[in-house]
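Inspection log for the structure reproduced underneath, given as structure tokens.
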Amino acid sequence: GSSVASVASLRQLEAKTKRRRSHEQEPAMAMAEADSVVAELEGTLLKDQDPFPYFMLLALEASGLVRFALLLLLYPLLLLFRAAGRGDLALRLMVFAAAAGAREAEIAAAARAVLPRFYMDDVDAEAWRVYASCGKRVVVTALPRVMVEWFAREHLGAGVVVGAELVITRHGRATGLLMRQEDSVADRVQTLFEAGHRPGVGLGRPNPAPSFLSLCKEQRHPPFTACSSLHSNQPTPPPPVIFHDGRLVRRPTPATALLTLLWMPFGVLLALVRMAVGVVVLVPVWNMPYLIPVFGGKLVVRGRPPPPATTGVLFVCTHRTLMDPLAITVALGRRVTAVTYSISRLSELLSPIRTVRLSRTREVDAGRIAAELARGDLVLCPEGTTCREPFLLRFSMLFAELTDRIVPVAIDYKVGFFHPTTATGWKAMDPLFFFMNPRPAYEVTFLSQLPEEATCSAGRSPLDVANYVQRVLAAALGFECTNYTRRDKYRILAGNDGSLSS
């Protein structure tokens, strides 16, 4: 009796979830068969057909490190299920282990901010050429739809994503179960097309069982080659992932995930030692370049930094991590003041250099920057936030109005395991994650001071000066200039504009 009741309650919960999701999904697209494509995600648009790394990322970002380790322990059992021909059972176990108890909002946030970068790294270029040659696109996936939809729509240009649905409680938490689909995948794909019409092209792996490919007029299997019958022009690459979050640098395959877990205790200890040397011991700045290699780090300095002067120099640098001003300090061999905004109080207390917090109020910030320049050298990052990819965000033009002594500094960094930046996590942990990497490296390139004719004193507008500095730094790093701002970044990754409450 209790088992029957539990099954009935589960079906009621599934029905509620279906009703709540019905208004979230777009109405079925009435597609014509010409110029349409239906493509499988795993093993077709993505080269790897094993979704295990994506569930590892979901487990870490939505549930934490313990769930990440638990899912890794279940990997041998997943292999056993697959060997027995029960890949569906292996998928359901991964979904349960990664998502059970997690908030639906956290799962959606991880799918929007973390997963797309790893999806993009795995996109099959030949499959993309065929897929992008068609105007109307459908993506079919065995994964929960919420894990795929943002990437498929924003970066693959899909109009509809056909996937599994998570069962969500009325409190907004995932049960870890997948809803039972009354219709097959082929039936759900067919409903997207006009009556009597079939999809034009189907991309997917050969499958002995009936699949959506049987509906398509033309079927293609990996490996793919470009088809001149679709379009003669070469499609453009998918839009790059400029903003992404999450701490892991590498795709967490089973071997990489195991290596990461084994390294973490040593990495934390090593990070604490590295931080203690610079903060607690207070090693002189001029001696830091000699100690950095001893503790496994690397600092590369290029260009000729300006000597100390009576009036302050404004070092305008690219913003890669919280450690940018410290890297400039070590490269200069003297302490400089850093302009900051959204760093934690803990980071300010532990900082070995002086920091000045800005308010994002233009008049107030202009006064603070001018006062600090009167005291000495100052480091400023006009992007306002960090960007991990080789792109520069739009530069604020405030710095150009305050001084003509502007020295552009091109900064980049390299890490192996962990990203030292976050938009949704605890920012106070950023320095710790940077120093947890086995071989963290920084590259600091001092460019020539802006000539007088390139500054506002020669009649150029602050906007022209800011754009000029952005282009100079992008050329030095081989990066691409964009018009994105910190608000764009936080709207994509965190769902807000990145502003701090007063």
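Contact annotation: residue pairs with Cβ atoms under 8 Å, 6 or more positions apart or on different chains, pairing a residue in the stretch 437-449 that is more than 13 Å from LEU299 (Cα to Cα) with a partner that is part of a strand (DSSP E or B) and among the basic types (Lys, Arg), are PHE446/ARG302. Scanning the stretch 182-219 for residues that are touching a residue at least 12 places away in the same chain (Cβ under 8 Å) and open to solvent by 80 Å² or more (accessible area, probe 1.4 Å), we see that the one that is farthest from ALA164 (Cα to Cα) is LYS217.
All of (1) open to solvent by 70 Å² or more (accessible area, probe 1.4 Å); (2) of a type outside the set (Gly, Ala, Ser); (3) at pLDDT 95 or above hold for ARG19 with one exception: (3). On the basis of being modelled with pLDDT of 90 or more, in contact with a Phe, Trp or Tyr (Cβ under 7 Å, 6 or more places away or on another chain), buried (at least 19 other Cβ atoms within 10 Å of the Cβ) and not in a strand (DSSP E or B), does PRO420 make the cut? So PRO420 fits the description; yes. Where helices (runs of 4 or more DSSP H) fall wholly inside the stretch 425-502, the ranges with 1 or more residues that are in contact with a strand residue (DSSP E or B) (Cβ under 6 Å, 6 or more places away or on another chain) and among the polar types (S, T, N, Q) are 462-477. Considering the stretch 465-479 alone, what residues qualify as being touching a residue at least 60 places away in the same chain (Cβ under 8 Å) and over 16 Å from THR386 (Cβ atoms)? Residues satisfying the conditions are VAL465, ALA466, ASN467, VAL469, VAL472, ALA476, GLY478. LEU350 falls short of the stated requirement of being in contact (Cβ under 8 Å) with a residue 60 or more places away in the chain, open to solvent by less than 50 Å² (accessible area, probe 1.4 Å) and assigned by the TED database to the domain that holds LEU314.
For the stretch 113-129, the count of residues that are in a helix (DSSP H, G or I), modelled with pLDDT of 95 or more and farther than 30 Å from GLY200 by Cα is nonzero. Just one residue in the set LEU332, LEU326 is closer than 22 Å to VAL415 by Cα and touching a residue at least 12 places away in the same chain (Cβ under 8 Å); that residue is LEU326.
Condition check ((1) farther than 15 Å from PRO325 by Cβ; (2) under 28 Å from the mean Cα position of the chain (by Cα)) across all residues:
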{"position": "VAL379", "(1), (2)": "no, yes"}
{"position": "ALA400", "(1), (2)": "yes, no"}
{"position": "THR403", "(1), (2)": "yes, no"}
{"position": "ILE406", "(1), (2)": "yes, no"}
{"position": "GLY425", "(1), (2)": "yes, yes"}
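When you check ALA255 against the structure, is it open to solvent by less than 80 Å² (accessible area, probe 1.4 Å) and in a helix (DSSP H, G or I), yes or no? So ALA255 fits the description; yes.
The values are calculated or read from the model by the stated rules, or taken from the named source; none is laboratory data. Owing to the predicted nature of the structure, the values given are computational and were not obtained by experimental measurement. With ideal geometry, Cβ positions are generated from the backbone for all residues, glycine too; neighbour counts draw on all protein chains shown. Note: areas computed on protein heavy atoms with side chains; ligands, DNA, RNA excluded. Shrake-Rupley method; radii C 1.70, N 1.55, O 1.52, S 1.80 Å.
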